[in-house]
Amino acid sequence: MKQHPYHHELWVTPDGRVFRELHPSKDDAGYHQLRNGKFRQRRHVLVAETYHGLKPFPKAVVRHKNGDESDDAAINLGSSGILVDRNEPLMA
């Protein structure tokens, strides 16, 4: 996928699909969120679901390994224990 040379928010695939980058804002808790019309989701959740799979149960939450809520890289969201029950304390 390549970025369009003039419309920098657009990404184009060789097979003709065009994607638009959504720019995040921060919610009240300080997490990056993406909005597009009625759609609103925290960016780290989208990244974790894409690279590590969907949440195993409805109240599962995604944790940042390094504690930095602005670091939404897939590797920081980890593959083990990233989805935890928000009612259970974190293990050290």
Original post:
List the pairs whose first member sits in segment 19-40 and is outside any loop (DSSP other than H, G, I, E, B), whose second member is at pLDDT 80 or above and of a type in the set (A, V, I, L, M), and whose Cβ atoms are under 6 Å apart, counting only residues at least 6 apart or on separate chains?
Top reply: R20/L10; L34/L22; N36/L22
Original post:
Restricting attention to segment 8-18, which residues are surrounded by 12 or more Cβ atoms within 10 Å (Cβ to Cβ) and closer than 27 Å to S70 by Cβ?
Top reply: L10, W11
Original post:
Quick one: is G78 modelled with pLDDT under 80, on the phi > 0 side of the Ramachandran plot and not hydrophobic (A, V, I, L, M, F, W, C)?
Top reply: yes
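The values are calculated or read from the model by the stated rules, or taken from the named source; none is laboratory data. A quick note: this is a predicted structure, and the numbers were derived from the prediction, not measured. Note that we place each Cβ from the backbone using ideal geometry, even for glycine, and neighbour counts take in every protein chain shown.
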